[in-house]
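Have a look at the structure below before the remarks.
Values in this text are rule-based calculations from the coordinates and carry no lab data. Fair warning: this is a prediction, and the values are worked out from it, not measured in the lab. Don't worry about glycine lacking a Cβ; one is built from the backbone with ideal geometry, like all the others, and counts go over all protein chains shown.
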Amino acid sequence: MEKLIITAALTGAETTRDLQPNLPLTPDELAEAAYECYKAGASIVHVHARDKDGNPTQDYEVYKEIKEKIEAKCNIIFQPSTGGAVHHSPEERLQPVELSPEMATLSTGTCNFGPDVFMNTQEYMDKFASMMKEKGVKPEVEVFERGMINNAMRLVKKGLVEEPLHFDFVMGVPGAITGELRDLIYMKESIPENATWTVAGIGRYELPLGVAAITLGGHVRVGFEDNIYYNKGEIAESNAQLVERIARVSRELGREVATPDEARKILNLK
Ligand code: KMH
Ligand code: ZN
């Protein structure tokens, strides 16, 4: 089995310091957290920026500062969010793609997102995919429901996204697909054979789905965007603590962990 790619989703747009006191917010904090995760075994860092008040922002300058600060510390793959927060406009969300990062997320469908709606019309999807193509950015296709895989394949047919695709199954968001193992199997069986995939289990689903992905040949995302606990009722100390655990479990199960350069090869990054 190929080595395991671990993605650290450091902050997200929804987690707050009230919920998770160790949440990295500023560019310096994000860069330090990325570096700790890199040392613990992460090869990709998924980043959401925050403004000076700690609120989610998709501002180009803030992402630029974060990218530069992370690159000064290590060669982890920088993957900014184009999902942003549910209230961001598509134009706001697209700003980090201007930085031509190696990867960025691309959500291929609309779903309920707790009390909100995460909006991704066909028009947005086409626009986001075209811009990523133009800037040479590999999309990580974020799917929160099965039908979003079909939408991704539609983008391939239109020539806006190149195969092999890399999917992230985000599972357990209230209002979208559950985090049950049977649903992970269904998702994994529904993508093209040459595609790679990772799973981001929300909350209590993070660890069991991560372990399942290790054994099924997928990859794993962990971090405060998805889960703030180490164990039930026990707040995690850091994102790196979650990365360390999944890396340890993977090695125990006989699967080595990829370095960023190994991840670049597995994902066909240019
Ligand atoms: N914050 C969610 C509404 C992404 O990063 O691309 C969307 C999200 C997906 O987190
Ligand atoms: Zn995200």
Task: 5 angstrom amide H check on residue 104, placed H, neighbours 5+ away - done: 138, 140
TODO: Among 202, 149, 185, determine the one that fluctuates most according to a GNM of the chain built with springs between C-alpha atoms less than 10 Å apart.
DONE: 185
Task: Quarter of the Cα convex hull surface for region 79-150, i.e. its orientation-mean projected area (nm²) - done: 4.4 nm²
Task: Fraction of beta bridges assigned by DSSP in the chain that are antiparallel (%, nearest 5) - done: 20 percent
Task: Translational diffusion coefficient (Stokes-Einstein; Kirkwood radius from C-alpha pairs) of region 1-145 at 25 °C, 0.890 mPa s, in µm²/s - done: 159 µm²/s
Open item on the list: At q = 0.07, 0.11, 0.12, 0.14 Å⁻¹, what log₁₀ I(q)/I(0) does region 6-266 have when each alpha carbon counts as one equal point scatterer in the Debye sum?
Closed with: -0.20, -0.52, -0.63, -0.90
TODO: Pull up all non-local amide H partners of residue 47: gap of 5 or more, or a different chain, and H-to-H distance under 5 Å with H placed in the peptide plane.
DONE: 79, 81
Open item on the list: Can you tell me the length gained on complete extension of the stretch residue 60 to residue 215, counting 0.36 nm per residue apart and subtracting the Cα distance?
Closed with: 52.0 nm
Open item on the list: Please give me the summed charge of the neighbours of residue 18: other residues whose Cβ is under 15 Å from its Cβ, Lys and Arg +1, Asp and Glu -1.
Closed with: 0
Task: Dimensionless Rg over Rh [region 112-171; C-alpha; Kirkwood] - done: 0.96
Open item on the list: Treating only the Cβ of Lys, Arg, Asp and Glu as charged (+1, +1, -1, -1), what charge dipole size does the chain show about its Cα centre? Round to the nearest 20 debye.
Closed with: 660 debye
Open item on the list: Show me the three semi-axes of the equivalent ellipsoid for region 145-185, from the C-alpha gyration tensor (sqrt of 5 times each eigenvalue), largest first, rounded to whole Å.
Closed with: 24, 10, 8
Open item on the list: Can I get the semi-axes of region 205-267's equivalent ellipsoid? Compute them from the C-alpha gyration tensor as square roots of 5 times the eigenvalues, in angstrom, largest first.
Closed with: 21, 13, 10
- [ ] Report the extension gain between residue 17 and residue 252 in nm, rounded to one decimal, defined as 0.36 nm multiplied by the number of residues separating them, less their alpha carbon distance.
- [x] 81.3 nm
Open item on the list: Using alpha carbons only, how many angstrom separate the centre of region 65-117 from the centre of region 225-270?
Closed with: 20 Å
- [ ] Would you work out the relative contact order for the chain, in percent, from Cα pairs under 8 angstrom that are 6 or more residues apart?
- [x] 24 percent
Open item on the list: Just to be sure I understand the curve: with the Debye formula and one point per C-alpha of region 35-114, what is log10 I(q)/I(0) at q = 0.13 Å⁻¹?
Closed with: -0.41
